[in-house]
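See structure below.
Readers should treat all values here as calculations from the given coordinates under stated rules, not as data from a laboratory. Since we're looking at a predicted model, the values are computed, not measured. Neighbour counts are summed over all protein chains in view; Cβ atoms, including those assigned to glycine, are modelled from backbone coordinates with ideal geometry.
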Ligand code: GLY
């Protein structure tokens with residue numbers, strides 16, 4: 001097990017533990033748990049019983065003051081109404097500013113519970129326990145919390161670091177193949193944005209991860225999560241550049257997700273968003289054909305199923321990307337790539353070029 005302590009620039013110290021088969025987390029962080037008067041475990045209704053049992057093994061000491069709140073499945077959890085329901089539940093059970101939320105689940109659970117933690121009594125401590133591969137390498141780390149609004153992803157939210165993030169790859173043992181494949185969309189992203197050693201780790205593990213290989217999953221989570229935490233500690237609020245690279249593929253990806261009514265899994269949407277960015281990078285002349293072929297081979301290795309759920313409506317796509325919060329007032333803004341690790345933001349790209357990338361990405 002690896003333990004990371006890192007301090008983020010603008011807010012409180014936040015810690016992370018990454019590894020496989022942990023137990024009794026409160027014994028490792030006694031201060032955080034001893035000071036909590038009440039603890040609420042938040043999971044999704046779609047979580048298997050084994051998830052709750054494993055979460056209770058991780059946090060055994062908290063049983064006496066333990067409350068349990070279940071959110072609707074996946075993205076349907078991410079509404080202002082659900083955040084309000086969770087806050088009302090906490091209030092009804094007498095939760096105070098000394099209480100603690102433990103969010104155990106995929107990215108939708110950690111996004112929503114983290115958001116509720118950030119607004120309940122103007123902020124209480126929370127622990128992020130991502131239980132899917134995707135959430136362990138991205139969504140469950142870094143303190144971006146959010147709900148969806150008006151059919152668009154993550155429109156209202158906060159930066160609110162968990163006091164602790166726990167990534168235990170034992171949760172991944174029973175993960176369905178579709179979930180693993182979705183996570184590899186984010187995994188491939190790290191091979192494109194990160195340093196050469198990280199790209200090597202990803203390439204070495206990619207096919208094994210798709211078969212659920214435990215060592216490959218643990219090695220990937222340790223490498224990618226540690227890299228993400230490094231970027232977050234440099235640029236917590238996504239303002240100065242390092243953290244923005246984590247958004248590679250996400251502008252088009254979020255639009256694809258929205259255009260599927262959230263039926264396209266996030267990681268698959270990101271993988272298609274990465275392909276979109278690769279095509280757009282090549283069409284603008286930034287990315288040479290050879291480099292395109294190399295990088296695109298990583299996306300092809302995922303053998304994505306057809307994105308039937310995404311409606312081929314280019315006008316809607318343009319509308320969504322223009323209103324993306326990452327557009328910062330431009331008509332559109334995308335992160336393009338010149339070579340591995342060298343990304344460049346480009347604004348107001350020509351719609352004809354975007355249409356080619358749109359069609360190529362959804363092929
Ligand atoms: N998922 C991108 C970020 O956390 O910044």
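Per-structure values
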| quantity | calculated |
| --- | --- |
| Residue-span extension gain [residue 29 to residue 96] - 0.36 nm each, minus C-alpha spacing | 22.1 nm |
| Fewest-first sequence of 158, 45, 201 by Cβ atoms within 10 Å of each Cβ | 45, 158, 201 |
| Contact order relative to length of the chain, as percent, for alpha carbon pairs under 8 angstrom and 6 or more apart | 14 percent |
| Projected area, mean over directions - the stretch 158-240, Cα convex hull, nm² | 6.1 nm² |
| Length-normalised contact order for the stretch 210-363 - Cα pairs under 8 Å, 6+ apart - percent | 23 percent |
| Rounded to 10°, Cα long-axis angle of helix 266-283 versus longest principal axis of the chain | 30 degrees |
| Choice from 253, 151, 185 showing the highest fluctuation, given a GNM over the chain with Cα pairs closer than 10 Å | 151 |
| Average silhouette area of the stretch 45-133, convex hull of alpha-carbon atoms, in square nanometres | 5.5 nm² |
| Residue among 53, 156, 77 with the largest mean-square fluctuation in a Gaussian network model of the chain, springs linking Cα atoms under 10 Å | 53 |
| Gained length - residue 308 relative to residue 81, 0.36 nm times residue gap less alpha-carbon distance | 78.7 nm |
| Kirkwood Rh, Cα atoms: Rg over Rh of the chain | 0.96 |
| Full-stretch length increase - residue 328, residue 344 - with 0.36 nm per residue and alpha-carbon distance subtracted | 4.2 nm |
| Residue order, fewest to most surrounding Cβ atoms within 10 angstrom, among 250, 177, 266 | 177, 250, 266 |
| Relative contact order (percent, whole number), the stretch 138-238, Cα cutoff 8 Å, 6+ residue spacing | 27 percent |
| Listed residues 330, 255, 352, most fluctuating in the chain (Gaussian network, C-alpha, under 10 Å) | 352 |
| Angle in degrees between helix 107-119 and the longest Cα principal axis of the chain, rounded to the nearest 10 | 60 degrees |
| The chain: angle of helix 80-92 to the longest principal axis, Cα-based, in degrees nearest 10 | 10 degrees |
| Per-residue [θ]222 nm for the chain (sum of -39500 (n - 2.57) over DSSP H runs n ≥ 4, rounded to 500) | -13500 deg cm²/dmol |
